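These notes are about the structure you will find just below.
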Amino acid sequence: MAYFRKRGSAWEYRIKFTNRKTGLPAETSKGGFKSKAEASLAAAKAQLELDYYGFMPDGNELVETYFIKWLETYKKPNVKPITYSVQERNVRLNILPRWGKMKMKQIIRNEYQQWINELRNHYSEGTVRRIHSIFSTAMNDAVHEFNILRENPVQRIKIPKEKDQSRKVKFFSRSQLESFLEHTKPVKNAKYKESMQYLALFTLLARTGLRIGEALALTWDDINLDSKTLTVEKTLVYPLNSEPYISTPKSRTSERTIKLDVTTIKIIKKHRINQKEVILKYENYKPAKTNIIFHQHDGRWLRTNVVREYFKEVCKRANVPILSPHALRHTHAVHLLEAGANIKYVSERLGHKSVKITADTYLHVTKKIEDDALSLYERYV
């Protein structure tokens, strides 16, 4: 309901309503109207917008209220659960602590740019780009979908770039990879010291470039030992404090069938036999419940955080840089490129959306390839 009052020579309207998120009374107002009739017309328009869009008009909505409602209503039903999880976490941990108690109209471009610059002191360029993308998309919707802002104040923001592009990609050299895999087998006092599961998993990652979620989702039906191929058509998502589930791959190009080399085939075959031996040897080691290739002792999917922790342990044992399992994907790509593989082949093997992504990601390697090719040309002519 709208209320009106005259302040000096101007009129003001005030609308009281119930906040849909909190269930508590809320209020919005605007003044400066020449007459009560003019204020009444503006109030009626504001009330319609509030009823229709669910947000306060004229940018008076709190950032916190807007973002939470925007995520739940407009993002959650339209993106993959893992994508929503990432977006929700970035909003909750990065955007709301800084902007949540401000009104939408109070977001100023210069202040926002300063915040982005500060974020780069704590996060990588890619992470800051993701945070900014979420923020800017929400603000665009505020302009074009809900009419609560006239323009997006965070357009054309500059994201500070990595100073050293070659340091973006972390990978093992050939000797480091060899040492890492040698130390992957369980130590003497390990609980399931006869298991070669992690050797098989890390070898597969290092020689195929699979993402960790793609590897953990694999079943024995996905590998054809006769044709020496592996089919990727799903990924394991293991959200924090939630149940894991199988989802479609990251993108359409992530669905692919790739060739396996002889070494990988041998390791996978040994792992299949070893898996059965371990089940027989240890009483509490159960068969996989869904024919998965890599699993916990109780038959469930391996937890990604457990894999990461074991990976770090192996790095320490092998005295190599302490990286993450994703480094094996980079390692495979770099080794292929250094061996002279066609970049289009590498891009398709990794499941990238485009060759440009591959070239940009492994810029330091592709530059070396260009230099080597030019040297060959110069020697030829």
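Bear in mind these aren't lab numbers, they're just calculated from the coordinates by the rules spelled out. Because the structure is predicted, anything quoted here is derived from the model rather than measured. Cβ: placed from backbone, ideal geometry, glycine included. Neighbour counts: every protein chain shown.
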Restricting to aspartates and glutamates and to Cα separations under 17 Å from Lys36, and discarding same-chain partners fewer than 8 apart, the set is Glu12
Summed over the other residues with a beta carbon less than 12 angstrom from that of Arg109, with K and R at +1 and D and E at -1, the charge totals 0
Mean-square fluctuation maximum in Gaussian network of the chain, Cα pairs under 10 Å, restricted to Ala288, Ala339, Ala359, hits Ala339
In cubic angstrom per residue, the convex hull of the range 63-144 built on its Cα atoms measures 90 Å³
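What's the FRET efficiency of Glu178 with Lys289 using the Cβ-Cβ distance as r and R₀ = 25 Å, to the nearest 0.05?
Approximately 0.15, to the nearest 0.05.
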When the charge dipole of the chain is computed with +1 at the Cβ of Lys and Arg and -1 at the Cβ of Asp and Glu, the Cα pointing farthest to the positive end, of Leu210, Ala142, Leu41, is that of Leu41
Of all C-alpha pairs within the range 174-369, those more than 24 angstrom apart amount in percent to 41 percent
Checked against the positive end of the charge dipole of the chain (+1 on Cβ of Lys and Arg, -1 on Cβ of Asp and Glu, about the Cα centre), the farthest of Thr358, Asn78, Pro239 is Pro239
Expected sort for Ile343, Ile273 with the fewest Cβ neighbours (10 Å cutoff) up front is Ile273, Ile343
Among Thr229, Ile369, Asn291, the residue whose Cα sits farthest towards the positive end of the charge dipole of the range 174-369 (+1 at Cβ of Lys and Arg, -1 at Cβ of Asp and Glu, taken about the Cα centre) is Ile369
Taking every alpha carbon pair in the chain and sorting the distances into 10 angstrom bins from 0 up to the bin holding the longest one, the percent per bin comes out as 4, 18, 23, 20, 15, 10, 6, 3, 1
Among Tyr13, Tyr198, Tyr362, the residue with the largest mean-square fluctuation in a Gaussian network model of the chain built from Cα contacts under 10 Å is Tyr13
Summing -39500 (n - 2.57) over every DSSP H run of at least 4 in the chain, dividing by its residue total and rounding to the nearest 500, the 222 nm mean residue ellipticity is -14500 deg cm²/dmol
Cα-Cα longer than 21 Å, checked against Lys80/Lys103; Lys266/Lys368; Lys168/Lys312; Lys168/Lys356, kept in input order, equals Lys80/Lys103; Lys266/Lys368
Residues Ser85, Ser354 in order from fewest to most other beta-carbon atoms within 10 Å are Ser354, Ser85
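For Asn147 and Asp372, FRET efficiency with R0 = 56 Å and r from the beta-carbon atoms, rounded to 0.05?
0.50
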Taking Rh as the Kirkwood radius computed over alpha-carbon pairs of the range 240-352 and applying Stokes-Einstein at 10 °C with viscosity 1.306 mPa s, one gets a diffusion coefficient in µm² s⁻¹ of 94 µm²/s
Footprinting proxy, Val63, Val278: sorted fewest to most Cβ within 10 Å, the residues are Val278, Val63
Residue span Asn224 to Tyr345: 0.36 nm per residue of separation minus Cα-Cα distance leaves a gain in nm of 41.5 nm
Computed for the chain: size of charge dipole around the Cα centre, +1 on C-beta of each Lys and Arg, -1 on C-beta of each Asp and Glu, debye to nearest 20, value 600 debye
